[in-house]
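This report refers to the structure that appears directly beneath it.
Read-outs throughout are calculated quantities, based only on the coordinates presented, and are distinct from any laboratory measurement. Quick caveat: nothing in here was measured; it's all calculated off a predicted structure. Here Cβ is always computed from backbone atoms with ideal geometry, including for glycine, and neighbour counts include all displayed protein chains.
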Amino acid sequence: MEVYPQTLMEFENQFATEEACRLYLEQLRWPDGFQCPRCGGTEAWRMSRGLWLCQGCRRQTSVTVGTVFERSRLPLTLWFRAMWHVTNQKNGASALTVQRLLGLGSYQTAWAWLHKLRRAMVRPGRDCLEGIVEADESYLGGEKPGKRGRGARGKALVLLAVQLQPGNKIGRIRLAPVSDASGASLVGALETMVTPGSEIKTDGWSGYNDLASKGYRHTVVRGSGEIGQDLLPACHRIASLLKRWLLGTHQGAVRHEHLAYYLDEFTFRFNRRTSASRGKLFYRLAQQAVHVEPAPYAKLIRPNL
Ligand SMILES: [Zn+2]
């Protein structure tokens, strides 16, 4: 059953103590009862301070081991407030805001927390698009427009995939940084974002030529040659929302090597934009956070190492 607070008051009441937060995470991680992360055993003794002792392998563990919250020296009550804040703001939160709000000692901690949470926002391979999907690339950052297929100095290239609903309404999206606009990069990324058998609409760029051989129905949208004609309107809409968000909430201060995480956060929020309750976003984030491997700080700073 999905239990989550609807309002700030409910949140404060529900998660006032460390134990309440821990029990909530246990429900999310082990909905069918305890399972040992090492041996998979289900018999365990509950010890003090949230520890479990597995009867199978005798290992001590806790609900935070192997999750986003592993090794954090700060209380779960603070983590919960960070998750609530990030999911309740329409545009998310910057590290500076979270640091101030929670009274965290360092900006670095707030920054690392937000990145750890972003890693829990999109589950690779799970949230694939299907049906009819529009795909296009867009350059982020930098002053001058970039040239297609060649890259442009100071810019990051992002691949956008947008699922179309009846009436060409925008459905769910997936975003990924790509190193260039070659076929290997574009089609390779689309394979992780879109279920085979779906229809993918692109413009006539040669980088998309291999889609058909990878099991997609590939439709090339051809223009009439009119100036300013928008061939892929859903992608362009998403690109402009994304740029506005990066400039607004994060003031454009996003480094290229971290871009993937910001794209995940944007995607997480966008794909749940019609969700009636912000509490449900909080629930979803907490649920995914206990199913994601922990990321050491060094890995957050340099994800490509
Ligand atoms: Zn065990």
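Each of Leu259, Leu247 has some number of other Cβ atoms within 10 Å of its Cβ, and from fewest to most they run Leu247, Leu259. Distance between the C-alpha centres of the stretch 253-283 and the stretch 1-58: 25 Å, rounded to the whole angstrom.
May I ask for the distance between the Cα centers of the stretch 235-250 and the stretch 76-131, given as a whole number of Å? With the stretch 235-250 and the stretch 76-131 each reduced to a Cα centre, they are spaced 18 Å. Can you list the GluC sites (Glu not before Pro) in the stretch 183-273 that are in a DSSP coil and have 14 or fewer other beta carbons within 10 angstrom? Passing sites in the stretch 183-273 are Glu226. If only the Cβ of Lys and Arg carry +1 and only the Cβ of Asp and Glu carry -1, the dipole of the chain around its Cα centre is close to 620 debye.
Extents of the stretch 5-110, taken as max minus min of Cα coordinates on every principal axis and listed largest first, are 44, 30, 23 Å. Amide H contacts under 5 Å for Arg217: Gly197, Ser198, Glu199, Ile200, restricted to partners 5 or more places along the chain or on a different chain, H placed in the peptide plane at 1.01 Å from N.
Relative to the longest principal axis of the Cα atoms of the chain, helix 76-88 runs at roughly 30 degrees.
Give, as a single signed number, the net charge of other residues whose beta carbon lies under 15 Å from the beta carbon of Arg217, with Lys and Arg counted +1 and Asp and Glu -1. Don't jump to the answer; show the numbers that get you there.
Values: positive: Lys201, Lys214; negative: Glu130, Glu134, Glu191, Glu199, Asp210.
Once all neighbours under 15 Å are counted, the net charge is -3.
Ranking Gln229, Gly204, Leu8 by Cα position along the charge dipole of the chain, where only Lys, Arg, Asp and Glu carry charges on their C-beta atoms, puts Leu8 farthest toward the positive end. Largest mean-square fluctuation among Val220, Val194, Val292, in a Gaussian network model of the chain whose springs join Cα atoms under 10 Å apart, belongs to Val220.
Shape class of the chain from the alpha-carbon gyration tensor: prolate, with a/c at 1.5 or above and a/b greater than b/c. For the chain, the longest principal axis of the alpha carbon atoms and the long axis of helix 278-289 meet at an angle near 80°. Each semi-axis of the equivalent ellipsoid for the stretch 169-215 is √(5λ) with λ an eigenvalue of the Cα gyration tensor; in descending order they amount to 16, 13, 11 Å.
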